[in-house]
Amino acid sequence: MNNKNLFGLLEDKLTEHREALRELNSQYGARSADYKQGFEDALNLVNKLSTDLAREISVSAVYDHPPHPHPRSRTYRSEPAEWWIEDTNSDSLKSFIASRSNEIGTVNNGKSAVIVFDLDGTLFDVGHRTLGILKRWMSSPECSHFPKPLIKKIEGIGFNHIGYSLSHAFENAGLDMRNPDVMEVLVTVERFWRKKFFDGETLVEFDAVYTGASEFVWFCKKMGLKIVYLTGRSHKVMHAGTCRQLEKFGFPLEDAELILKLNTVTDDAVFKEEAFRAIAAKHNIVGNFENEYVNIRGMVQCEPRAVHVVVDSQHSGRPVAALPEKVYRIQSFA
Ligand SMILES: [Mg+2]
């Protein structure tokens, strides 16, 4: 029985008991005052439980539909205007990819068929990395220089508060960014975070893999597609860690290509588009997975016949121009 049915039954029972109590109160002398008080206390308790349950149902009901609980939380699903986005699921995508792959053939014009996957926010959930680094800062000597009540509040930051950036996590946890003390601690934590987040070690330590992501990549590999991992991570600092991470979560590595950014100053969208163009020159691109609208736009225009997919995890929200070509969007690989 689900919560809603249970709640309906409870409400019916409560109405019966309220009626019984009213009758009991009208029968003077029929029952002792203690008995009536006991009955009333019990009824009040059930009433309270019923209110709590109603609140719980109303909260979970929000999540029955695409949620917008906080404009900057990780579940925020803003999307660019004037884009042709078709929401779909993992199974349907597999058939679109299979069908596109059959159209092209595994080798065509001397070019092999490939599928491209971004890493952060597409295959890996980096929110755990941010939270892990924040917790590490909490146990650093630097932390002890800040007011205790403020640190107590920061201790309350949990996984569900983590958004696209550290400041989102602070805001989502209810820290007032107009407060200079809060800003001072944020700037300090951010400095620590920046050093760790891109160090090529914390990603192996903390990142989680999205459910079904590895199985999905394997499905593509077994279909005969060459796997290309294309990420804006720094080649110099993060290549070794990225290999270890892919291995850790069982992603296919044999015959796969891993492309990282050589010059980290290059804008992500520019880097991705250029890399994608280079891949398209050597291969037939069957599909492409990204979590950033601003990145995928140039890739779609480079090869509009590929199956382009936005993984709806979190994104920067950077402004992006209209896109008339269709992109798919999935909530999960599972
Ligand atoms: Mg990404």
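Relative to the first principal axis of the alpha-carbon coordinates of the chain, what is the inclination of helix 127-138, with its axis defined by its Cα atoms, in degrees from 0 to 90 and to the nearest 10?
70
Give the peptides 109-116, 80-87 in descending order of average Cβ contacts within 10 Å, highest first.
In decreasing order of mean packing, 109-116, 80-87 become 109-116, 80-87.
Taking other Cβ within 10 Å of each residue's Cβ, how do H308, H235 sort, fewest first?
Lowest count first: H235, H308.
Round to the nearest 10 and give me the degree value, 0 to 90, for the angle of helix 213-222's Cα axis relative to the longest principal axis of the chain.
Roughly 40 degrees, rounded to the nearest 10.
Tilt of helix 33-64 relative to the longest C-alpha principal axis of the chain, in degrees (0 to 90, nearest 10)?
So the inclination is approximately 20 degrees.
Each residue of segment 285-298 in turn: what ³J(HN,Hα) in whole Hz from Karplus with 6.51, -1.76, 1.60 and θ = phi - 60°, glycine and Pro shown as x?
8, 8, x, 8, 10, 8, 9, 9, 4, 5, 7, 6, 4, x
Got a sec? How would K261, K248, K222 order by Cβ neighbour count within 10 Å, fewest to most?
The most exposed by this proxy come first: K222, K248, K261.
Could you work out how much longer the chain between T188 and R244 gets when fully extended? Use 0.36 nm per residue separation minus the Cα distance between them, nm to one decimal.
Gain on stretching T188 to R244: 17.2 nm.
Under a 5 Å amide H to amide H cut-off, with H placed in plane at 1.01 Å, what residues pair with D199 once short-range neighbours are removed?
Residues meeting the amide H criterion: none.
Can you give the charge dipole size of the chain about its Cα centre, rounded to the nearest 20 debye, using +1 on the beta carbon of Lys and Arg and -1 on the beta carbon of Asp and Glu?
That gives a dipole near 640 debye.
Would you calculate a helix-derived [θ] at 222 nm for the chain, using -39,500 (n - 2.57) for each DSSP H run of n ≥ 4 and dividing by the full residue count, to the nearest 500?
Rounded to the nearest 500, the figure is -16500 deg cm²/dmol.
Tell me, in nm to one decimal, what length is gained between E40 and A208 on full extension, where the rule is 0.36 nm per residue of separation less the Cα-Cα distance?
Once the chain is fully extended between E40 and A208, it gains 55.5 nm.
How high is the FRET efficiency between A321 and N160 when r is their beta carbon distance and R₀ equals 25 Å, given to the nearest 0.05?
Efficiency computed from Cβ-Cβ geometry: 0.20.
Rule-based calculations on the coordinates, nothing more; no lab input. As the structure is a prediction and not an experimental result, all values here were calculated from the model. Quick reminder, even Gly has a Cβ in these numbers, built from the backbone with ideal geometry, and neighbours come from all protein chains shown.
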